[in-house]
Amino acid sequence: MSWAQLLEEKSSLATALDLVGDKWSLMILSSCLTGPGRFNQFEQYLGINRTLLSKRLNRLIAVGLIEKLLYQQKPKRYEYKITKTALELKPIIIGLAAWATKHYTKDAAPITLIHKNCGNAVHIEIYCDGCDDCIPGSEITMRINPRAGPNARSVYENMIAPHDPSTLNGNLSP
């Protein structure tokens with residue numbers, strides 16, 4: 001299946017990666033989590049060239065993840081603020097950072113993510129909507145949705161279902 005087919009069939013992960021999967025978009029969004037950022041701040045902090053930064057900011061604005069706000073009239077200067085939609089990415093960004101700290105950067109990471117109220121390090125957990133329990137990744141599986149297209153159904157039936165005991169006996173859909 002091609003990337004275009006994944007997007008056409010509304011693959012959630014492909015769509016998310018298409019929107020924010022490059023390194024600069026995630027770094028820009030991460031920088032906006034603590035408050036609005038300015039072009040020169042992104043350029044200096046991230047070390048990204050102006051052309052690429054401009055392209056990434058425009059893309060993030062176009063897909064509704066950041067807003068461009070005028071803060072100075074003459075000369076015109078703007079700051080970039082994260083939207084409510086993008087704010088929902090905060091646990092994902094924190095999760096990626098925590099994962100990299102745990103497995104790769106360890107104590108060398110320049111920033112530690114902490115809880116504002118108590119000052120201790122944070123971690124990400126996954127909760128079940130049905131039972132509200134915290135669950136380990138080993139208890140998560142996939143199920144094909146009834147609206148899935150033929151390509152997605154084929155990938156599921158040939159790649160995912162054969163490796164997942166919960167899909168035995170034809171239990172491929174809800």
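What the table shows:
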{"item": "Sole residue being surrounded by 12 or more Cβ atoms within 10 Å (Cβ to Cβ), in a helix (DSSP H, G or I), out of contact with any Cys (no Cβ under 6 Å at 6 or more places or on another chain) and touching a residue at least 40 places away in the same chain (Cβ under 8 Å), chosen from 100, 86", "result": "86"}
{"item": "Residue 128 surrounded by fewer than 12 Cβ atoms within 10 Å (Cβ to Cβ), without any contact (Cβ under 8 Å) to a residue 24 or more places away in the chain and either closer than 26 Å to residue 10 by Cα or touching a Gly at 6+ places or on another chain (Cβ under 8 Å) (or both)", "result": "yes"}
{"item": "Verdict on residue 71 being part of a helix (DSSP H, G or I), more than 20 Å from residue 25 (Cβ to Cβ) and either at pLDDT 90 or above or assigned by TED's automatic domain parsing to the domain that holds residue 37 (or both)", "result": "no"}
{"item": "Count - residues of region 11-28 that are part of a helix (DSSP H, G or I) and either acidic (Asp, Glu) or touching a Lys or Arg at 6+ places or on another chain (Cβ under 8 Å) (or both)", "result": "4"}
{"item": "Output for region 131-142, where each listed residue is without any contact (Cβ under 8 Å) to a residue 12 or more places away in the chain and either surrounded by fewer than 12 Cβ atoms within 10 Å (Cβ to Cβ) or of a type in the set (Phe, Trp, Tyr) (or both)", "result": "131, 132, 133, 134, 136, 137, 138, 139"}
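Conditions tested, residue by residue: (1) loosely packed, with under 13 Cβ neighbours inside 10 Å; (2) without any contact (Cβ under 8 Å) to a residue 40 or more places away in the chain.
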{"site": "29", "(1), (2)": "no, no"}
{"site": "44", "(1), (2)": "yes, yes"}
{"site": "57", "(1), (2)": "no, yes"}
{"site": "66", "(1), (2)": "no, yes"}
{"site": "70", "(1), (2)": "yes, yes"}
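The values are calculated or read from the model by the stated rules, or taken from the named source; none is laboratory data. Small disclaimer: the values here were computed from a predicted structure and weren't measured. Here Cβ is always computed from backbone atoms with ideal geometry, including for glycine, and neighbour counts include all displayed protein chains.
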